[in-house]
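What follows is a short report on a single structure.
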Amino acid sequence: MVYFPTYMDAHAAVIKEGKAMGSPSKEMLLDWYRQMVLIREFEETCHQLYEEKRITGVYLHLYSGHEASGVGSMAALRKTDHVITAYRDHGIALILGMDPKAVMAEMMGKKTGSSGGKGGSMHLASKDHNFWGGYAIVGGHLPLAAGIALEARYRGKDDVTMTYVGDGATNNGYFHESLNMSAIWDLPVIWIIENNGYGMGTEVERASGQIELHRKAEAYGIKSFGRVDAQNALDVYAVASKAVEYARTKGPAVIEHVTYRYRGHGVSDKQYDARDDMSAELREWMDTREPIKILRDCIESKYGDVGDVLAQHRDDAKRIVAESVAFAEASEMPSSYEDLLRNTYVGSELVYKTEASVGAGID
Amino acid sequence: MAARNIAMREAIRRALREEMHRDENVFVMGEEVAYWQGTHRVTRGFLEEFGERRVRDTPISEMAIGGAAVGAAMAGLRPVAEFMTINFAFLALDAIANHAAKVRYFFDGMFKVPLVYRAASGWGNQATASHSHAPEPIFAHFPGIYVGCPSNSLDAYGMLKASIRDDNPVLFTESIALYPKPSPMPEDLEEDYLIPIGKGDIKREGGDVTLVAYARGVDWALGAARQLARDGVEAEVVDLRWLRPLDMELVYKSFKKTNRCVIVEESLPMYSFGGEVAANLQENMFDYMDAPIKRVAAEDVPLPYSKDIELLALPNAQKVVDVVKEIL
């Protein structure tokens with residue numbers, strides 16, 4: 001069976017309401033294209049580097065295929081809003097404007113990495129971009145999102161917290177508890193369920209009693225903005241814009257993004273994605289639902305030939321990613337005990353044993 | 001200095017209340033902390049005084065309580081999140097161990113997590129197996145978090161204040177048996193009375209044997225010391241107060257004098273506080289050791305309901321006395 005839900009109520013809503021929601025400008029669309037080709041280039045390069053053992057971590061979850069989900073939804077945010085996600089976090093980091101050099105250096109565990117080589121692929125973050133991180137325990141970041149959103153409510157700000165969560169995590173206790181808490185406290189969170197059809201190797205319909213995942217919102221009295229074709233950045237943007245406005249003043253919102261992962265759960269799960277029916281399914285998605293092509297077609301249908309600009313963005317992406325690899329490979333590895341111990345605690349460099357104490361330094 | 005006897009729950013309430021007045025970012029969240037006035041009455045009167053914004057009832061959602069406190073702390077607030085009892089904090093172990101304790105490290109210092117988890121802890125009162133734990137050592141296993149466990153009112157006051165003001169996450173356990181127990185607090189105590197994180201305390205001086213304990217174990221150790229004194233044995237009681245960091249220097253100082261040590265704890269014996277202290281002593285104080293290091297802990301069973309066998313499972317002063325006599 002080819003995974004391809006056809007039921008897209010939010011898509012229909014977008015088409016119907018059309019202009020009422022405000023169309024993105026030409027500049028915005030071109031910039032989305034820039035972001036999407038940068039992500040694709042970055043992720044495919046990561047994949048290559050992993051194959052060549054130049055990236056050595058066991059976990060590397062690529063965003064290829066998901067680009068429109070992140071690009072379209074984050075375009076609805078303003079600078080003071082917050083973003084948090086799980087471990088498929090490279091694309092989110094790049095969309096927010098994190099330096100690809102620091103991100104690539106983190107993949108390679110270098111000192112110059114955005115987390116100093118301590119976090120790796122799954123733990124990118126940037127305080128300067130209000131990016132609260134990628135998290136590695138399925139669902140573990142969801143209550144953190146509630147807490148971050150609580151800070152805004154507590155201080156009377158209307159900043160929202162955009163929270164990405166995979167389809168698999170919607171079956172976990174963290175999802176239930178966090179959505180419920182966001183409802184009773186009217187927290188300004190947009191819970192974006194990135195439904196790529198599989199929680200690791202398990203199809204959504206084998207893992208969830210309710211396969212229209214956005215409908216789980218009803219259980220908590222949360223407003224659902226429905227299911228969106230997340231290969232189409234414009235649809236994603238239109239729905240996200242409505243949800244963000246709602247969350248700012250009212251409370252939590254849920255959106256289901258239907259998308260697809262091109263590189264499996266993680267780079268190491270070759271066995272699963274090498275199955276014949278999987279490769280047929282992947283081919284169909286790439287042929288018919290390719291997010292970069294959909295965006296390009298949209299831009300060209302609206303604005304005619306912008307081939308030069310798009311080509312420039314593709315060239316830039318190649319150059320930027322190549323530079324990030326060169327930077328990362330030239331960077332130093334953390335290697336000292338000081339590197340190892342630093343930042344376990346605030347105000348202490350010591351972890352296990354000192355002459356005076358065990359467990360942490362007494363300054 | 002004039003002192004007045006105050007129950008530990010009153011001292012904790014006072015510390016928390018003063019910190020909420022001192023810092024607008026400090027707020028309380030947990031099950032039944034607001035309208036119910038706190039299951040253990042620690043937050044009695046808080047809702048009326050501070051309002052719903054800062055005194056937040058949560059659903060019965062320990063994972064969300066544990067994790068929302070992390071997010072709020074990262075974002076700049078200073079949550080004091082209450083687990084009704086430490087038994088329920090097992091449900092939040094991932095939030096505590098994988099997130100509160102590690103967020104700072106895996107983002108290499110990008111964020112601070114200034115939160116306090118408060119939890120009532122301890123065995124007894126026929127609460128039955130699943131509601132009878134003193135599992136502080138489990139939480140103290142993880143680098144990135146501090147663990148504090150006071151044994152009297154003044155310590156609880158100064159330790160909780162230090163925990164709230166610290167920029168690191170702290171798990172702060174409050175022994176249910178000690179909540180109603182009065183102990184002296186100076187009448188002119190300053191609001192900035194803080195007990196540094198990781199600093200232990202000598203609760204009784206003596207030269208013959210060192211009794212190392214924390215929280216309720218300190219009561220048993222002091223009771224044993226009084227009994228032993230009648231036989232002419234002077235025990236020194238070291239209250240470590242914090243399980244992480246662990247003030248082993250204080251233990252070593254005492255041990256160099258007494259050359260004998262018995263470790264007393266309310267919790268289970270395997271992979272325990274006693275094991276940790278004993279291991280450090282033998283590694284670092286071997287030359288001063290005149291007798292085997294001994295431990296007194298709960299029996300290695302889930303705690304039963306029926307009173308007589310429940311008491312049989314628990315440590316007490318007499319058990320400590322008996323073990324001390326084995327090594328004199």
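The values are calculated or read from the model by the stated rules, or taken from the named source; none is laboratory data. These numbers come from a predicted model, not from an experiment. Because the Cβ atoms are built from the backbone with ideal geometry, glycine has one as well, and the counts that use them run over all protein chains shown. What goes into the accessible areas is simple: the full protein's heavy atoms, side chains included, and nothing from ligands, DNA or RNA. Shrake-Rupley method; radii C 1.70, N 1.55, O 1.52, S 1.80 Å.
Observations on the model:
- For A:ALA207 and A:TYR303, the difference between the fully extended length at 0.36 nm per residue and the C-alpha to C-alpha distance is 30.2 nm.
- Contour minus Cα-Cα distance for B:GLU32 and B:TYR193 (0.36 nm per residue): 55.1 nm
- Cut-off 14 Å between beta-carbons: net charge of the residues surrounding B:TYR117, Lys and Arg +1, Asp and Glu -1: -4
- When exposed loop sites are taken as GluC sites (Glu not before Pro) in a DSSP loop with at most 10 other Cβ atoms within 10 Å, the longest stretch of chain A clear of them is A:53-354.
- Local electrostatic count, A:ARG78, Cβ distance below 12 Å [Lys/Arg +1, Asp/Glu -1]: -1
- Beta bridges per DSSP with both ends in the protein assembly as shown, % antiparallel, nearest 5: 25
- Here r is the Cβ-Cβ distance between B:TYR305 and B:ILE60 and R0 is 22 Å; the resulting FRET efficiency, rounded to 0.05, is 0.40.
- Charge context of B:MET63, other residues only, Cβ under 14 angstrom, K/R +1, D/E -1: -4
- On the basis of the beta-carbon distance and an R0 of 45 Å, B:GLU48 and B:LYS257 show a calculated FRET efficiency of 0.30.
- Antiparallel DSSP beta bridges within chain B, as percent of all bridges there, nearest 5: 25
- Put simply, the C-alpha atoms of chain A give a gyration tensor, and the ellipsoid matching it has half-axes of 32, 26, 21 Å, longest first.
- For B:GLU236, the amide hydrogen comes within under 5 Å of the amide hydrogens of B:GLY206, B:ASP208, B:VAL209, B:THR210, B:LEU211, counting only partners 5 or more places away or on other chains and with H modelled in the peptide plane.
- Those chymotrypsin sites (Phe, Trp or Tyr not before Pro) in the stretch B:155-195 that DSSP places in a loop and that have at most 15 other beta carbons within 10 Å: B:TYR193
- Note on A:TYR337 and B:ALA2: the model spin-label points, each 7 Å out from Cα along the C-beta direction, lie 5.3 nm apart.
- Equivalent-ellipsoid semi-axes of chain B, from the Cα gyration tensor, Å, largest first: 33, 21, 20
- Chain B: relative contact order as a whole-number percent, Cα under 8 Å and 6+ apart: 16
- Sequence of A:ASP31, A:ASP186 from largest to smallest accessible area, 1.4 Å probe: A:ASP186, A:ASP31
- Taking Cα centre as origin and charging only the Cβ of basic (Lys, Arg, +1) and acidic (Asp, Glu, -1) residues, the dipole magnitude of the stretch A:9-332 rounds to 780 debye.
- Of the DSSP H helices in chain A, those whose Cα atoms cover at least 15 Å axially and whose Kyte score averages -1.0 or more: A:26-51, A:142-154, A:173-184, A:233-249, A:291-303, A:307-330
- Ellipticity estimate at 222 nm from DSSP helix runs (n ≥ 4, -39,500 (n - 2.57)) divided over chain B, nearest 500: -10000 deg cm²/dmol
- Lysine pair number, Cα distance threshold 28 Å (strictly under), the stretch B:99-236, separation 8 or more or different chains: 10
- Cα-Cα over 28 Å, subset of A:LYS111/A:LYS270; A:LYS118/B:LYS294; B:LYS257/B:LYS319; A:LYS118/A:LYS293: A:LYS111/A:LYS270; A:LYS118/B:LYS294; A:LYS118/A:LYS293
- GNM flexibility winner over chain B from B:GLY67, B:GLY109, B:GLY158 (Cα, springs under 10 Å): B:GLY109
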